[in-house]
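Scroll down for the structure; my scribbles are underneath it.
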Amino acid sequence: MLPKLGTRGIKLPKITVWRAIFAAILLSGLYATYLRVFYGLGGATNLSDRFPWGIWIAFDVMCGVGLAAGGFTLVAIVHIFRIERYHPVLRPAILTAFLGYTLVVVGLLYDLGRPDRLWHPLVMWNPHSVMFEVAWCVTLYTTVLFLEFLPVVFEKFGLHKPLDWIHRISVPLMILGVLLSTLHQSSLGSLFLIMPEKLYPLWYSPILPVLFYVSSIAVGLAMTIFESWHSSRAFGRALELPLLASLARVLAVVMSVYLWIRFLDLSHRHVFGLLSQNRIETWLFGLEMLLMLVPTVLLYQTAVRLRPGALYACAVMVVFGFITNRLNVGTTGLEAGSGTHYIPRWSEVAITLSIVAAGFAIFRVIAQYFPIFEHAQDKAEGAETTEQREEPVTVG
Amino acid sequence: MSRAILYDSTLCIGCKACEGACAERWGLPYDDKIAGEEKISAHKLTAIETHGDKFSRRLCMNCVQPACASVCPVGALQKTALGPVVYDAEKCMGCRYCMQACPFQVPSYEWSSRLPRMRKCNMCFERQSEGKPTACAEACPVGATKNGDRDELIAEARQRIAEKPGQYYGKIYGLQEAGGTSVFYLSAVPFEQIGLRTNVPLEALPETTWRVLELVPDVVSTGSVLLGGIWWITNRRAEVARKEGRH
């Protein structure tokens, strides 16, 4: 399968701090899995009748799907809007999306009371259910992502015939992918529309689907910058800085649009008064806003966009701002309305961390053995950019 | 003709006969310890609550337009024409969206089971289908829980309030809550004082998501035309650029 493996010799991997942490996370995840399988949801989570959804939904599913939004965003930019200079970051974005969605399904297998019935929504329909729509979209879109990723595999093994075949259906496939993403990224917000009395007014809004959609585009772009930075360090390759800098410009604009819609929504619903209350919700809302406002303002500075460290820090802030938002909507914002408190049990955290760690590891292995970034580099050198041209910078 | 339950808190003596009858009807264990639990759970589908010298009863409201049935991705929950909201455990995949969506926090989950189900009162659908009253109404020695035709029970509740205005907090809980339910409450005091949620929206909740979901076909059709059109233009531009580059 992976012919290059042999040429590196049979050396045991070096023990580093990160590898030790990685192993510890996976071991705790393994034990938590045992608890989940043999003692049920009650044995592995702090969920209750009053608080039936925890971080496996709010993080593994809601953040997982959002963080994978770079896939559809970049497909739209490169293949539909034909802004070809972003081609170098397209493949990593598609790989992230494909992995992201696969891991969302893994997360669901933990969270569903009856994971053996994961397929039920495909045959037992209820078109009035947002969850039904999300289930269909995620299933179809994961298939689309698989097909969008296949060319990488075909290239690697020099299979030209199937490559031609897949190129022929690529345009409708990509349009379908963007449509499916638009639907379910927004629908994850629609899930909460039916709980007007439970979700805290700083987050409950009739335009939740719009807010979820726009923020997913922003975090998709931020994740693309995040991945490029990490992979350039991991593989010692040049960072496509001018390209990422101009992507950061787009990110700043999308974030501004998001924050403006958010401001309008809060002001139309007259809920700013709530911010004077000293409650946990106020502080978490503040944290969310801080993590989104700061990078947005910073990214308007050319100097910030062209400094790899600063650019990376901004992307990370956007990602954490996004995660805070989804956790607020999915957990914190529901506590007061449900009349209860929820703190995830260690085993819930262990499984979530294991899924994230597995995501990083699998991404790294695939990026190492498949043409994800090499492909990128040839194109990057020839690409024309409007950003100030600089010599490629190697970080780390 | 749809069926309903009228619970009159002013008549209830807190004897918990309804709890015992309910447990028996579902084949659930019932003893002093369980009788002492004043909340509904996966092993106790109705519960008598004590609020000072007042009693209240918790059970599924069997809403006219149930949020639980509208959110269930597999259609495991259905509102029947008879009135009860019924649950098919064979379809349920355990996403627990019904629990999250219920404004009355009724559905319970078998958290410690390896093959868990959601549990809730279904207003004795099986018994009522055979023309029998619900187990709780049959067991109630003082007529605090009454089972009957929905419209007739509403009329009766109104009549009770009209006849003894001093004894009742002049409203019927369940008439407007969540767009209307099939379980009604009468009380001597405001409903929050007997533990009922009074911040429940007065509109039918499925509307809140349907308003967005019904746009899906529009989004898909407009989106395909828009994206296809943009591609058509940008592709042509790329073709022209390629040709000009060749010259």
Run the quick spin-label model on A:Leu122 and A:Leu159: label points 7 Å from Cα toward the beta carbon, then report their separation in nm to one decimal.
-> 2.0
Mean per-residue count of partner chain Cβ within 10 Å for B:107-115 equals 6
Just B:Lys33, B:Lys44, B:Lys171 to compare: in a GNM of chain B, with alpha carbon springs under 10 Å, which one fluctuates most?
-> B:Lys33
For the protein assembly as shown, with only Lys/Arg (+1) and Asp/Glu (-1) charged at the beta-carbon, what is the dipole magnitude about the Cα centre, in debye rounded to 20?
-> 1340
Gain on full stretching of the segment that runs from B:Met1 to B:Arg237 - 0.36 nm per residue minus C-alpha separation = 78.5 nm
Membrane-span-like helices (DSSP H runs, Cα span along own axis at least 18 Å, mean Kyte-Doolittle at least 1.6) in chain A -> A:280-299
Looking at the square roots a ≥ b ≥ c of the eigenvalues of the Cα gyration tensor of the protein assembly as shown, which shape do they give, rounded for a/c under 1.5, prolate if a/b is larger than b/c, or oblate?
-> prolate
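Per DSSP H run of n ≥ 4, the term is -39500 (n - 2.57); total these for chain A, divide by its residue number, and report the mean residue ellipticity at 222 nm rounded to 500 deg cm²/dmol. Kindly include the intermediate steps, with their values, before the conclusion.
Numbers: 17 runs with 264 residues, N = 396.
The helix contribution divided over chain A gives -22000 deg cm²/dmol.
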Show the residues, 5+ positions off or on another chain, whose built amide H is closer than 5 Å to the amide H of B:Leu186.
-> B:Tyr7, B:Asp8, B:Ser9
Scanning chain B, every Cys lacking a C-beta partner under 4.7 angstrom -> B:Cys12, B:Cys15, B:Cys22, B:Cys63, B:Cys72, B:Cys92, B:Cys95, B:Cys102, B:Cys124, B:Cys140
Per residue of B:210-216, how many C-beta atoms from partner chains lie within 10 Å of its own C-beta, taken as a mean?
-> 6
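Can you pull a Stokes-Einstein diffusion coefficient for segment B:3-204 at 10 °C (1.306 mPa s), Rh from Kirkwood over Cα pairs, as a whole number of µm²/s? List each step's numbers first, then the result.
On the way: Rh = 17.1 Å.
Roughly 93 µm²/s, to the nearest whole number.
If you count, for every residue in A:202-209, the Cβ atoms of partner chains within 10 Å of its Cβ, what is the mean? Don't jump to the answer; show the numbers that get you there.
Values: counts 0, 0, 0, 0, 3, 1, 1, 5.
The mean count of partner-chain Cβ atoms within 10 Å per residue comes to 1.
What number of lysine-lysine pairs in chain A show an alpha-carbon separation below 27 angstrom, given a sequence spacing of 8 or more or placement on distinct chains? Let's see the in-between values first.
On the way: A:Lys4/A:Lys14; A:Lys4/A:Lys156; A:Lys4/A:Lys161; A:Lys4/A:Lys379; A:Lys11/A:Lys156; A:Lys156/A:Lys379; A:Lys161/A:Lys379.
Eligible lysine pairs with Cα atoms under 27 Å apart amount to 7.
Report the semi-axes of the equivalent ellipsoid for segment A:54-382 in whole Å, largest first, where each axis is √(5λ) for an eigenvalue λ of the Cα gyration tensor.
Taking √(5λ) for each Cα gyration eigenvalue gives 32, 25, 18 Å.
Expressed in nm to one decimal, what extension gain is obtained for the pair A:Ile83 and A:Val257 from 0.36 nm per residue of sequence separation less their Cα-Cα distance?
On the way: separation 174, 0.36 × 174 = 62.64 nm, distance 2.10 nm.
Taking 0.36 nm per residue and subtracting the Cα distance, the gain is 60.5 nm.
Can you pick out the pairs among B:Lys16/B:Lys54; B:Lys39/B:Lys120; B:Lys44/B:Lys91 whose Cα atoms lie more than 19 Å from each other? Mind showing how you got there, number by number?
On the way: B:Lys16/B:Lys54 14 Å; B:Lys39/B:Lys120 12 Å; B:Lys44/B:Lys91 22 Å.
Result: B:Lys44/B:Lys91 exceed 19 Å.
From the convex hull of the Cα coordinates of segment A:13-96, what is the mean projected area in square nanometres? Walk me through the intermediate numbers first.
Values: hull surface 35.7 nm².
About 8.9 nm², averaged over all directions.
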In nanometres, the difference between 0.36 nm per residue of separation and the alpha-carbon distance of A:Phe360 and A:Glu197 is 54.9 nm
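FYI, it's all coordinate maths here, none of it is from the lab. All figures in this text were calculated on a predicted structure; none of them were measured in a lab. With ideal geometry, Cβ positions are generated from the backbone for all residues, glycine too; neighbour counts draw on all protein chains shown.
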